[in-house]
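Since the structure comes first, as structure tokens, the remarks are kept for the end.
What follows is calculated from the coordinates using simple rules that are stated; it is not laboratory data. Treat the numbers as computed from the prediction; the structure is a model and nothing was measured. Positions of Cβ are backbone-derived with ideal geometry, glycine not excepted, and every protein chain shown enters the neighbour counts.
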Amino acid sequence: MSTRDLVLVALFAAIIVALGLVPPFTLGLIPVPITAQSLGVMLAGCILGAKRGAAAVLLVLLLVAIGLPVLSGGRGGLAVFAGPTAGYLVGWVAGAFVTGLIAERLVRESQPELAQLLSFLAAAIIGGIGVIYLFGMAWLSYMTGKAFTEIALASLIFIPGDLIKAFVAMLAGRAVLAGYPLLPART
Amino acid sequence: MLTGLDIAGDTPLHRASARLKLILLFTAALALFLVESPWLLAAAAIAAAGLYASTGIGLAEGFRRVRFVLFTVALVALANYVFHSLTDALAVLFRLGALVLLAAAVTATTTVSAFMDEITRLLRPLERFGLVRAADVSLAVGLVLRFVPEILARYGDIREAHRARGLRIRPLGVLVPLIILTLKDADTIAMAIDARGFRRQ
């Protein structure tokens with residue numbers, strides 16, 4: 001990893017931490033506040049690509065583990081990893097990696113705007129929602145005893161909010177690609 | 001502003017090494033998942049709460065830190081009660097509750113630098129295979145702590161700029177310039193690091 005990559009990873013991790021400290025966004029139409037931190041996970045993949053994006057998220061989780069209150073609402077410490085929802089956090093790393101992998105393969109700077117937008121949306125939904133829920137639910141099934149199916153179904157109420165985040169990640173990913181392209185292309 | 005969650009003190013838990021505490025926490029987690037009886041698990045949860053309280057954290061702060069995780073534990077226990085049995089619910093409640101409190105006790109008694117030393121040691125085998133460099137990890141951690149306040153200040157600046165021009169503050173309008181401005185600094189920061197020879201390549 002070059003020094004520039006190392007710095008990009010650290011800066012993006014700092015952005016994810018900062019997104020947990022700013023007050024939650026409210027989108028015009030929807031009155032529900034959106035915590036921006038899981039949006040940061042999708043963005044890490046969309047903007048930095050698979051390897052650096054996953055490294056940035058891993059760095060955030062490392063800060064959590066060593067006892068810094070860097071998750072939204074000032075949460076942190078090992079207790080976060082002992083709870084039933086820890087799988088979603090661990091899934092962040094894989095989620096950013098898969099998001100980045102798909103974005104690297106689909107997105108080209110020479111493409112028309114619509115193709116780029118759709119590629120980013122696919123990457124954010126598959127990596128940032130699909131993969132994260134896969135990890136989160138697998139962990140839940142281990143931690144929660146017999147009521148796994150019911151709890152897994154209940155966790156689906158967060159999907160609409162996550163779809164909004166994927167949409168924001170798509171727009172922001174494409175805007176950053178236009179302004180300061182960093183995403184490595186992969187064939 | 002980004003300070004660690006450790007509480008100053010001189011209890012046996014404070015004096016124990018980070019490695020010992022992590023090994024004990026891991027062993028306790030395995031043991032908690034092997035026990036089925038809610039009574040034994042309740043005893044474990046009470047012992048864990050006692051240990052957490054003995055770190056000198058104080059009731060209000062101690063509760064504030066774990067309330068969110070304990071809330072998710074309670075939800076999971078409730079689901080077990082509604083769809084299965086009281087025994088299942090109590091077992092899950094006390095098992096996860098004990099684990100959360102033990103983990104919080106380790107965090108409250110271990111400084112960030114003690115954790116960092118332990119992580120550097122754990123990374124050494126990986127370093128031998130050339131997968132990751134321990135020095136890079138601590139450099140990255142330092143960079144994050146250094147730049148979070150800067151990014152927050154920049155976030156404030158961008159909002160002010162929007163307000164000054166009478167623009168409505170929308171998530172995208174703030175997020176995109178924030179990311180681009182921050183990542184554009186990477187080249188200068190990398191150059192500064194290399195100029196000082198921090199990574200000795």
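Some values worked out for this structure:
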read-out	value
Within-11-Å neighbourhood charge of B:Gly173 [Cβ basis; K, R +1; D, E -1]	+4
Distance from the range A:91-127 to the range A:168-187 (C-alpha centre basis), Å	9
Simple spin-label estimate for B:Arg19 and B:Ser113 in nanometres, 7 Å along Cα-Cβ	1.9
Percent RCO, i.e. relative contact order, over the range A:49-118, from Cα pairs under 8 Å lying at least 6 residues apart	39
The range B:133-195: C-alpha gyration tensor shape, a/c 1.5 cut-off, then a/b vs b/c	prolate
Unit charges on C-beta of K, R, D, E only; dipole of the range B:151-201, Debye	160
Fraction of alpha-carbon pairs over 34 Å apart in the protein assembly as shown - percent	31
Exercise: per-residue mean of other protein chain Cβ atoms within 10 Å, B:134-140	4
Inter-centroid distance (Cα atoms) of the range B:48-77 relative to the range A:32-78, Å	23
The range B:1-29 versus the range A:4-19: alpha-carbon centroid distance in Å	27
Positive-pole candidate from B:Met116, B:Ala48, B:Pro12, dipole of the range B:12-116, charges at beta carbon	B:Met116
Radius of gyration, Dmax [the range A:3-179; alpha carbons; angstrom]	15.8, 51
Lys, Arg +1 and Asp, Glu -1 on Cβ, resulting dipole of the protein assembly as shown about Cα centre, debye, nearest 20	500
Helix axis angle, B:186-195 relative to chain B longest principal axis, alpha carbon, degrees	90
Per-residue [θ]222 nm for chain A (sum of -39500 (n - 2.57) over DSSP H runs n ≥ 4, rounded to 500)	-21500 deg cm²/dmol
Nearest 10 degrees, 0 to 90: helix A:50-65 Cα axis against chain A principal axis	30
Sequence-distant aspartates and glutamates (8 or more away, or on other chains) whose Cα lies within less than 18 Å of B:Lys21	B:Asp6, B:Asp10, B:Asp117, B:Glu118
Net charge dipole size for chain B [Lys, Arg +1 and Asp, Glu -1 on Cβ; Debye, nearest 20]	500
Three-way shape label, the range B:12-116, alpha-carbon gyration tensor, a/c 1.5	prolate
Cα long-axis angle, helix B:59-83 against chain B (0 to 90 degrees, to the nearest 10)	60
Of A:Tyr133, A:Val70, B:Val106, farthest towards positive along the dipole that unit charges on Lys, Arg, Asp, Glu beta carbons give the protein assembly as shown	A:Val70
Gyration tensor (alpha-carbon) shape descriptor, chain B, a/c threshold 1.5	oblate
